[in-house]
Amino acid sequence: MSPVSAGQLSAIVLAAGEGTRMRSQRPKPLHRLCGRAMVLHVLDALAELDVERVVVVVGHRAEWVGRTLIDDAPKRLSVELVTQDEQRGTGDATAVGLTGLLDETGVGDDQEGDVVVLPGDTPLVRPATIAALVRHHREHQAGATLLTAEVANADGYGRIVRGKDGSVVRVVEERDATFEERQITEVNTSIYCFRRSVLAPSLRRVRPVNEQGEYYLTDVVEVLSGAGYKVEALAVADPMEAAGVNDRAQLAVAEAELRDRINERWMRRGVTMWDPERTYVDAEVRLSADVTLLPGVILRGACTVGEGAEIGPESTLLDTQVGERAEVCHSVCIGAVVGAGARVGPFSTLGPGARVGSGESVPPFTSLGAELHGLDPGIRAGARPGARR
């Protein structure tokens, strides 16, 4: 991203909600997509940009969410956690998030910079889209810029209301919209870029006059427009990027989209997939060139597969290392290590701690795992040195 101004770029990620429609004890931001918590996909996108600081607003089960972020957030990001003790809407959550951008004296580190605000339940947003939003915001010297989308069915979304000159004057939530406003097909994606110096004063002017008694971040748009600040909008080319995840059905849709992206990326990097529709690769898996994945392969967790290896068909690997030119056929491997040129299966099971040496073969229908620790590696794997199927 090439910023137009010299001001710093910060980000606030809103991840305090309970997500009651998920019907789960797990906080909504921690539901997994391709093996990685939903909110971490948002942070992964921010990590691709020149973002100085990221504040994540937590609330429901804050300790659990915070622990996950500390353990798994991209290391290149400077992430600060702040807690919204009472969920009183996105406007209040953003105000809480701004406190995380203050220095020790209570003053913002760069009031002339910009801040991106986005929900923790938009795991499909691409880094390039956020970069384009910031670039548009700075090129037009706007007080706020909204990422919008044109959709055929706008049910459930806030509508973008424009003035006679085409400028954005306000956003109206569907439950507060009139019949005419509900016919608008340009919707708010809840992803914004604000000028830092005007965001906090605008939030202080927001009042909970809606039916729910919540402080809406969208009300800042009308405040800024009424005060004479330019409010811009940038339409996202693919509305799927900004799709929020509020229930299990939407989670499944997002999972399918993300898996398609992952598979396409690996194929363009030299991985062969006989049937991408039946190949499942988690976000943290690492594949080398000339790997072949046959139909029915599931790679979960922190798997690594070396150059020229072949996995499948119908094989599941979890947190397993596979060496160069190795083969795993119709087998399950969990926390195992398969050496270069080794052969596993068919119909074998490798449990945690199992190691197959380079060039060794695991016979069909072999089961081995952690309970066999302490034995010779070849015996522990039930392997035949130099044997081949």
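In terms of modelled amide H atoms, which long-range or inter-chain residues lie less than 5 Å from the amide H of G158?
E174, N188
For a quick check: sort I184, I191 by the number of other beta carbons within 10 angstrom, fewest at the front.
Working: I184 16, I191 24.
Going from least to most buried by this count: I184, I191.
Using the Cα centre of the chain as the reference point, and only Cβ charges (+1 on K/R, -1 on D/E), how large is the resulting charge dipole? Debye, rounded to the nearest 20.
Here the chain has a charge dipole of around 760 debye.
For the chain, what is the percent of antiparallel DSSP beta bridges, rounded to the nearest 5? Don't jump to the answer; show the numbers that get you there.
Numbers: 21 of 73 bridges.
So the antiparallel bridges amount to about 30 percent of the total.
Tell me, in nm to one decimal, what length is gained between E139 and N246 on full extension, where the rule is 0.36 nm per residue of separation less the Cα-Cα distance?
Values: separation 107, 0.36 × 107 = 38.52 nm, distance 3.35 nm.
My answer for the length gained is 35.2 nm.
Can you sort K230, K28 from fewest to most other Cβ atoms within 10 Å of each residue's own Cβ?
On the way: K230 16, K28 27.
Ascending number of Cβ neighbours within 10 Å: K230, K28.
What is the magnitude of the charge dipole of the stretch 249-334 about its Cα centre, with +1 placed on the Cβ of each Lys and Arg, -1 on the Cβ of each Asp and Glu, and no other charges, expressed in debye to the nearest 20?
Values: 9 positive and 15 negative charges, 33 e Å.
Using only the charged Cβ atoms, the result is roughly 160 debye.
Sum -39500 (n - 2.57) across every DSSP H segment of at least 4 residues in the chain, then divide by the residue count to get the 222 nm mean residue ellipticity, nearest 500.
Result for the chain, helices only: -6500 deg cm²/dmol.
Place +1 on the Cβ of every Lys and Arg and -1 on the Cβ of every Asp and Glu in the stretch 269-385, take the dipole about the Cα centre, and give the residue among A336, V297, G270 whose Cα lies farthest towards its positive end.
Value: A336.
Sort the chain into rounded, prolate or oblate with this rule: let a ≥ b ≥ c be the square roots of the eigenvalues of the Cα gyration tensor; rounded if a/c is under 1.5, and if a/c is not under 1.5, prolate when a/b is larger than b/c, oblate otherwise.
Numbers: a/c = 2.55, a/b = 2.32, b/c = 1.10.
Taking the square roots of the gyration eigenvalues as a ≥ b ≥ c, the chain is prolate.
Between the stretch 35-67 and the stretch 312-329, what's the alpha-carbon centroid distance in Å?
The stretch 35-67 and the stretch 312-329 have Cα centres spaced 31 Å from each other.
Say the dipole of the chain comes from +1 at the beta carbon of Lys and Arg and -1 at that of Asp and Glu; which of G163, V253, T279 then lies farthest toward its positive end?
Projecting each Cα onto the dipole axis, the largest value belongs to T279.
Starting from the stretch 231-280, pick out the trypsin sites (Lys or Arg not before Pro) whose DSSP state is loop and whose Cβ has at most 12 other Cβ atoms within 10 Å. Mind dumping the intermediate values first?
Numbers: sites: R248, R259, R261, R265, R268, R269, R278; in loops: R269.
Passing both the DSSP loop test and the Cβ count: R269.
Could you please report the charge total around H140, scoring K, R as +1 and D, E as -1 over all other residues with beta-carbon less than 10 angstrom from its beta-carbon?
On the way: positive: R135, R138, K230; negative: E139, E232.
Every neighbour counted, the sum reads +1.
Where does each of T272, T349 land when they are ranked from fewest to most other beta-carbon atoms within 10 angstrom?
On the way: T272 13, T349 19.
Lowest count first: T272, T349.
Per residue of the stretch 320-332, in order, report the coupling 6.51 cos²θ - 1.76 cosθ + 1.60 (Karplus, θ = phi - 60°) as ³J(HN,Hα) in whole Hz, putting x for Gly and Pro.
Per residue, the Karplus-derived 3J(HN,Hα) values read 10, 9, 10, x, 4, 6, 6, 10, 10, 10, 6, 9, 10 Hz.
Any read-out appearing in this document is the output of simple, stated calculations on the displayed coordinates, not a laboratory observation. Because the structure is predicted, anything quoted here is derived from the model rather than measured. All Cβ positions, glycine included, derive from the backbone under ideal geometry; neighbour counts span all protein chains shown.
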